[in-house]
């Protein structure tokens, strides 16, 4: 079985600052893979590399067995055209910390947008599917609302529905609950838990240790652009081996 | 422990809502300065009106010619020229702004050069240059489609349109660029992450949001353009000012006709201002929880709020 995400020595620099210093990891299909670590550790950057929002400087990154952003012929790498990159992104859903809903569209229009514009789905079909997805995230009564009329938790659930509308094989979550009021976090995590139960492959950058322990299948602790420790979330969170992991966990748990 | 006994702490205040407290009846502050200013302003205005009414101006000539067919034609031409040159300006401006922001160094330099040139020279000079371009190009030859002498091809209308439109595009480009840059980068990322192309992202996500920033200054530009069309009289295009001047020359009431033109310009800019308000309201959708009231709603609200204190006054 090919790994859904496979990273081999992934490096990424912004100018002179090296953010990722050789990341190796593998995400199996149907797995919930959690990335934790202090801010600035490179976990969000790594996540953004997976759908080529950031270009990596060295190493290899594969999604579902295919190289991200490049095509390899012989030992030469060819950059993919924008349209080819876009084609690959269709299969990778992404949920952002700041939601990034389209503010000029209602909830249902947000969810319909990509199927209609990218896949050329008929509007009526897309709308019906969008309403079902909104129902799934518990927002069927909010379909006609603009994002500014929704709470943070509701916006984030719309954003999840929007990503799901493209029927992705992989979902990336970039600190999906970090911008939310504490009492709204639960609703979003419930939706993510439901997704995990349905067998979605998920890579989740999070500070929610409870979620990681309960739902996660694997966990990686990153610090300073490298993977410090990885393994089963229950083991890593309860019995960390490295001092840096211990120090981090003692602060957040 | 308690040091300051006299101080009424929070526990001393009664657990409020007993019988409703008495509503405040206070004498409002009198703004004597406002009355004085109003009197002075009215006096000044009156003296100006009197001065003008006693001047050697044949006021009767204005209503006489107000709806003269030539004037109406001029008004129509002014509006037509404003509309078309703004259309060129807006389309060109968006195009230039996108070019300027593109990663492609060739297109962004071309846009930079265009803006540099057209913004850096006076529009009046540009109009005259367009008018005299026949010195450079004697003929226009578009292969099998069109072939003519330049002077026949470059009518006053086309000169005016190109002169104003291309100049406006340079200004609109800067307005549009500001608008595009004002849209949060997360929006582009989100739509790219959904698999949308650059073009789709621009058209569906970025431009609609940029419009909220672009529309108010564009409204300004339209109003400006409407007035700038008066420059076009120098290239023989018969817009409002030129028609008014022509009538003035023949009827012997040149100044009166200038007043007439000014009134028409005022009427048109006023109508445009109202249109601009509604357009801004349309593009505010989704960005604020509730839309601002229309002028009509606002007038109604003010009338009621003025009336209410009298009725309700405690």
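The values are calculated or read from the model by the stated rules, or taken from the named source; none is laboratory data. Quantities reported herein were computed from a predicted structural model and do not represent experimental measurements. For neighbour counting, all protein chains shown are included, and Cβ atoms are generated from backbone atoms with ideal geometry for every residue, glycine included.
Checked against the criterion of being in a helix (DSSP H, G or I), surrounded by fewer than 16 Cβ atoms within 10 Å (Cβ to Cβ) and within 14 Å of chain A (Cβ to nearest Cβ), the range B:170-180 contains not a single residue that satisfies it.
Screening B:86, B:99 for residues that are surrounded by 12 or more Cβ atoms within 10 Å (Cβ to Cβ), closer than 22 Å to residue B:215 by Cβ and in contact (Cβ under 8 Å) with a residue 60 or more places away in the chain leaves exactly one candidate, B:86. Of the strands (runs of 3 or more DSSP E) lying entirely inside the range A:174-253, those containing at least 3 residues that are more than 30 Å from residue A:134 (Cα to Cα) are A:218-223, A:226-231. For residue B:228, the conditions (1) facing chain A (nearest Cβ under 9 Å); (2) modelled with pLDDT of 90 or more are fulfilled apart from (1). Given the condition crowded, with 20+ Cβ neighbours inside 10 Å and part of a loop (DSSP other than H, G, I, E, B), answer yes or no: does some residue in the range B:143-164 qualify? For the range B:143-164, residues crowded, with 20+ Cβ neighbours inside 10 Å and part of a loop (DSSP other than H, G, I, E, B): present.
With respect to the conditions (1) modelled with pLDDT of 95 or more; (2) within 14 Å of chain B (Cβ to nearest Cβ), residue A:122 falls short on a single one, namely (2). Can you say whether residue A:188 is more than 14 Å from chain B (Cβ to nearest Cβ) and touching a strand residue (DSSP E or B) at 6+ places or on another chain (Cβ under 6 Å), as far as the supplied structure shows? Against the criterion (more than 14 Å from chain B (Cβ to nearest Cβ) and touching a strand residue (DSSP E or B) at 6+ places or on another chain (Cβ under 6 Å)), residue A:188 does not qualify. Answer yes or no as to whether residue A:68 is within 17 Å of the chain's Cα centre (by Cα), within 14 Å of chain B (Cβ to nearest Cβ) and under 28 Å from residue A:162 (Cα atoms). Yes.
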